[in-house]
1. Projected area of segment 134-268, taken from the Cα convex hull and averaged over every viewing direction, in nm²?
2. Which is the longest run of the chain containing none of the GluC sites (Glu not before Pro) found in DSSP loop states (not H, G, I, E, B) with at most 13 other C-beta atoms within 10 Å?
3. I'd like the antiparallel share, as a percent to the nearest 5, of DSSP beta bridges with both residues in the chain.
4. If you find the alpha carbon centre of segment 1-71 and of segment 310-361, how far apart are they in angstrom?
5. How big is D, in µm² s⁻¹, for segment 1-151 by Stokes-Einstein at 37 °C and 0.692 mPa s if Rh is the Kirkwood radius over C-alpha pairs?
6. I need the trypsin sites (Lys or Arg not before Pro) found in segment 344-416, filtered to DSSP loop residues with at most 14 other beta carbons within 10 Å of theirs.
7. Under a cut-off of 15 Å between alpha-carbon atoms, report the aspartates and glutamates in cross-link reach of K117, not counting same-chain residues fewer than 8 places apart.
8. For segment 178-229, what value does the Rg/Rh ratio take when both radii are computed over Cα atoms and Rh is the Kirkwood radius, given to two decimals?
Amino acid sequence: MKQNEFTPKFFSLLRSGISKQQISRDILAGIIVGIVALPLAIAFAIASGVSPEKGLITAIIGGLIVSVLGGSRVQIGGPTGAFIVIVYAIVHDHGVDGLTIATFMAGFLILGMGFAKLGNYLRFIPYPLIVGFTSGIALIIFSSQIKDFLGLPIQNLPPDFVDKWLVYGDYMGQINWTAFAIALATVLLSLNFHRISKKIPGSIVVILLSTAVVYFFKLPVETIESKFGEIPNKISMPSVPGIDFATIKLLIQPAIAIALLGSIESLLSAVVADGMIGGRHRSNMELVAQGASNIFSGLFGGIPVTGAIARTATNIKNGGRTPIAGIVHALVLLLIMLLLAPVAKLIPLSCLAGILVVVAWHMGEWHHFFSMMKSNRMDVLVLLTSFFLTVFFDLIIAIEIGMILSSFIFMKRMSEATSIETTGNLLDPKAENEGALFEEELTGIPKNVLIYEINGPLFFGASQKFQEVITDLNKQPEILILRMRYVPFIDATGINRLKEMCTQLLSKGTTIIISGANHEVKHELLKAQLYTIIDKHNILSNINDALERSKHLIAEKEDTRI
């Protein structure tokens with residue numbers, strides 16, 4: 001284990017030293033990211049079905065812990081759009097208290113994943129699966145914002161995608177055109193304000209403008225205050241949620257969903273950040289930090305925390321290169337909550353809806369989605385399956401089914417990559433050309449000796465092919481040499497099929513010789529006690545020794561016959 005694997009990046013950088021110039025750049029980046037995070041934290045909380053201060057609490061507590069304990073130099077933690085789907089469903093089914101407990105439980109799950117070093121394996125989640133559920137989440141976020149975007153007077157909005165649009169259809173005659181104009185202006189300004197200034201976030205400008213216009217002109221649109229009342233300007237004391245075994249059983253699936261999605265998105269964000277700064281994050285330490293941030297978010301009544309790709313990118317683009325920027329971002333949000341809560345309550349909900357529509361647009365990465373539609377049909381199958389399951393059913397189901405489907409596709413491709421070739425001495429004339437690739441390496445193959453070369457892993461996906469090829473022999477040779485120089489590994493199923501085949505052939509008078517197995521494969525064969533079926537002297541390191549051994553065995557048989 002590397003000594004620094006579980007050392008936070010912040011501590012490593014403090015030991016190595018941070019220049020005053022970099023500290024100045026980090027402080028400026030942290031202030032900018034804190035301002036950018038303000039409307040997002042509020043919007044994500046409202047879209048998730050909880051009060052706006054919970055989003056701020058999550059960004060403050062989670063952002064601070066992720067930066068202090070994380071394995072990335074530049075990761076910004078907080079609430080994200082990806083969690084809207086899960087959080088909204090949990091609040092709908094179990095209430096806000098259920099969400100707090102699920103977040104608390106998920107924190108320990110992520111913590112365990114980090115200490116178990118599972119961060120090294122989450123990177124193997126297939127890209128089509130990630131694009132599929134991410135695009136599905138983006139579509140659901142867009143769908144959830146139509147009510148406030150159009151100012152529709154809907155009291156209880158159903159959580160299901162199809163049901164939402166059916167309800168929208170019933171209310172389309174009651175659009176609040178003022179709210180719609182604010183939301184549309186928010187989208188246009190947010191998408192295009194970078195043409196005016198790349199330093200000032202467009203979302204902040206549009207919030208300030210829309211809030212001022214609505215307040216001074218008394219426009220008839222819903223605001224945070226009209227829906228949620230006052231935004232508290234303090235953080236309540238932490239309290240441990242009441243958890244018993246019945247509660248764990250009830251909320252374990254939502255907690256697993258939070259843990260899986262939080263882990264995946266955090267490490268994805270860290271990987272993206274590495275590419276932007278040329279760094280390398282510590283994946284397991286990042287999971288430990290994310291787990292701790294979710295535990296403390298739950299203690300303070302917040303919502304799930306994860307790495308935020310957009311805010312992390314904003315941090316990097318503004319010069320942030322150390323966790324100091326993330327710490328400053330959390331402190332800026334704390335000051336805003338303490339001092340400006342009376343102003344923040346005046347923000348119109350249609351403006352926040354417009355911001356989330358922009359978030360959904362960027363999150364969807366539709367150019368990747370449609371470009372992948374032209375790729376391998378198996379990848380397209382995983383992409384569309386995870387997308388439609390996310391939209392119409394449930395995110396955790398989409399991830400589970402997507403992973404299972406991806407695993408089966410991988411096994412199929414690996415089994416197809418495993419080939420079994422034979423020499424021209426094979427009695428089936430169709431196989432003669434297949435053996436030509438390695439037959440020319442050999443001279444003096446004795447009569448009645450058959451050589452099979454296995455190329456690729458001999459695992460459970462390919463073992464059936466192996467058994468079928470061997471058992472399809474028209475005539476049993478005296479000696480069968482299995483050349484295994486290109487077998488990187490063999491699993492329990494492959495060993496079992498090999499033992500069955502050896503037992504069957506030996507009963508018919510065929511001697512088995514294994515040639516060229518690497519150290520790992522040979523170790524597995526010996527550990528499985530294959531030598532009780534095959535003589536130890538028949539497990540050889542190269543083909544020449546195997547041929548010499550076959551000549552010796554044939555000579556012994558001839559002497560016996562004489």
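1. Values: hull surface 50.7 nm².
Value for segment 134-268: 12.7 nm².
2. Details: sites that count: E230, E440, E441.
Value returned for the longest uninterrupted segment is 1-229.
3. On the way: 7 of 21 bridges.
Approximately 35 percent, going by the DSSP bridge assignments.
4. Value for the Cα centre distance between the two parts: 11 Å.
5. Numbers: Rh = 17.8 Å.
Roughly 185 µm²/s, to the nearest whole number.
6. Details: sites: K345, K374, R377, K412, R413; in loops: K345, K374.
Listed in order of number, the matching sites are K374.
7. Correct list for K117: E5, E286.
8. Values: Rg = 12.1 Å, Rh = 11.8 Å.
Expressed as Rg/Rh, it is 1.02.
FYI, it's all coordinate maths here, none of it is from the lab. Just so it is clear, the structure is predicted and the values come from calculations on it, not from any experiment. With ideal geometry, Cβ positions are generated from the backbone for all residues, glycine too; neighbour counts draw on all protein chains shown.
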